[in-house]
Structure formats: C-alpha cells, structure tokens
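Notes follow once the structure below has been shown.
The values are calculated or read from the model by the stated rules, or taken from the named source; none is laboratory data. The model shown is predicted, which means the values in this text are computed figures rather than measured ones. Here Cβ is always computed from backbone atoms with ideal geometry, including for glycine, and neighbour counts include all displayed protein chains. Please note that ligands, DNA and RNA were not included when accessible areas were found on the heavy atoms of the full protein model with its side chains. Shrake-Rupley method; radii C 1.70, N 1.55, O 1.52, S 1.80 Å.
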Amino acid sequence: MKNWCNVCTSYKLNMILHETSPHTLIVLEFVRKSAGMAAVKVFCPAISTASIRVILCLEEVGAEYERVNIDMATGEHKSPAHVAKNPFGQVPAFQDGDLVLFESRAIGRYVLRKFKASDVDLLHGSSLEESAMIDVWLEVEAQQYDKAIGPIFYQAVIIPRFYGGTTDEKVVEENLVKLAKVLDVYEARLSQTKYLAGDFFSFADLSHYPVTHFAIKIPQVAALFDARPHVKAWWESLESRPASKKVPAGLPQ
C-alpha cells in the first residue's frame, strides 16, 4: 500500500507539467517537506499483543514507522526513560514528533485518523452510525472478548514459555466457558454482517487479531472457533489480510 506522501508527490509532480502557478509550487514544496518527515516510533518488545495492534494499524495504512525494542526481560519497560513515555511502565509507547502516546487502542485510533486515505478508513468517521458501531465492538473486544481470551493465552502460552511456570488449568477452563459465551454473541452478529461493525473491515475487527493470532493455536480455543462457522469465516478473513500476514512473519516463533 502506498504512503500518502508518495501518492501526493506523484500526483503533484504530474500536475506541475501542466500548471506552474505559485499556488501549485507552494503545494509541491509542502508535499516535498512532508515526504521527508521522520517516521513515527513504536517502543515495544518483539512479542506484545498490544504492540502488534499498533503495528497492524501502521501497516494497514502504509505508514512509515520505526520499532524501538524494549527489553522487558531486563526491566527496560520500568526504566525512567520508558516510564517518561508510558507512565504505567507498560508497552507500547508511541512517538510522533513531540507527541507521545500510550494505550494501544488510543494509539491505533490516532494512526488511523492521521494516515486515513480514500481507500483505507478503518474508523469510518464520516458516518455517525458506522463509527458508532465500530466503537461498540471495540468496547466489546476490550471488555468482553479480551477479558475471556486473554487469561487463556497468558496461562497456556506466556507462563510456560516465558516464565517456565505451570499452566493453571482451572483458570483456563473457567475462561473457556466465558469465551464460548462471548463467541455465541459473535456468531449471532456475524450471521447478519460480514464483519463486526457491518459489511466492512474496521478497527473493531483488527483489534481482535493480535491475541487471537496466538490463542487460536491452543486446541481448546481453536475448537470454539471451529464450532461456529460465521466466527471461523470471520477469523479466516482477518488472517488473509496482507498486514496480518506480514506482521506475524516478523515475530519470533
């Protein structure tokens, strides 16, 4: 996907062949300077579901960015330098010039607003109804879906892999029950629309991808998706997106 600046530069350069007004020259100078702007920065470790959410947004809009590694194993996320960017000592943190942000969903909204293009608008801000539905399902993702699937992912993947601990199967089972109920709601919704907010891909769908990418490899979670054909089709459509293929390919396996 082309960067907005690159598209505009090409467009304006074609115009200058036929128009040499002062106005056109001013616009060209602005575009030239904009094209040289520094890339935004994402401060995060290699594996972080919240950070992946931000990077997916950047990839979807074709924005230039730099990932600055934060070594959580050494406690770098609690260092004064990082806490100055994220006061809770968590990841990710995000910087665009003098602007510093934290909280991945808020960062995602910023990225999608700033780099919105005619062919990439994952917030649908021009439609009150569509943007409201996106907000609804973003809240569902954060308050219902993530709170059910997150503990499963943490217990089954993070604890044994990164801490050498033992999975608490009781926690996993309790949250599988919760996740099943959430997915029943999703199945009903997705039987009516292709995506959660409507028949269009949005930030509400994208926001589900990071944790699900890892959790779907857990057999019990995969079984819940397989048992719900509309949910399964929805997930497969998310996996098929170019950004969804590119970002995980760069992660440690």
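Annotations for the structure displayed:
- Element breakdown for region 138-253 at a 1.4 angstrom probe: carbon and sulfur atoms account for 55% of the accessible area.
- Among Ala180, Gly164, Ile152 - extreme Cα towards positive end, dipole of region 95-194, charges at beta-carbon: Gly164
- At R0 = 30 Å, FRET efficiency that the Cβ-Cβ distance of Ser127 and Ala84 yields, to 0.05: 0.20
- Pairs from the table (Lys41/Lys178; Lys181/Lys217; Lys217/Lys245; Lys181/Lys246) lying more than 25 angstrom apart at Cα are Lys41/Lys178; Lys181/Lys246.
- Charge-dipole axis of region 83-134 as Lys and Arg at +1 and Asp and Glu at -1 on Cβ define it, positive-most pick from Leu99, Met133, Gly89: Gly89
- Accessible area expressed per residue, region 143-253, with surrounding protein chains retained (probe 1.4 Å, Å²): 48 Å²
- Taking all protein chains together, His77, His82 sort by accessible area into His77, His82, largest first [probe 1.4 Å].
- Charging the Cβ of each Asp and Glu at -1 and of each Lys and Arg at +1, and nothing else, the dipole of region 145-222 about its Cα centre rounds to 100 debye.
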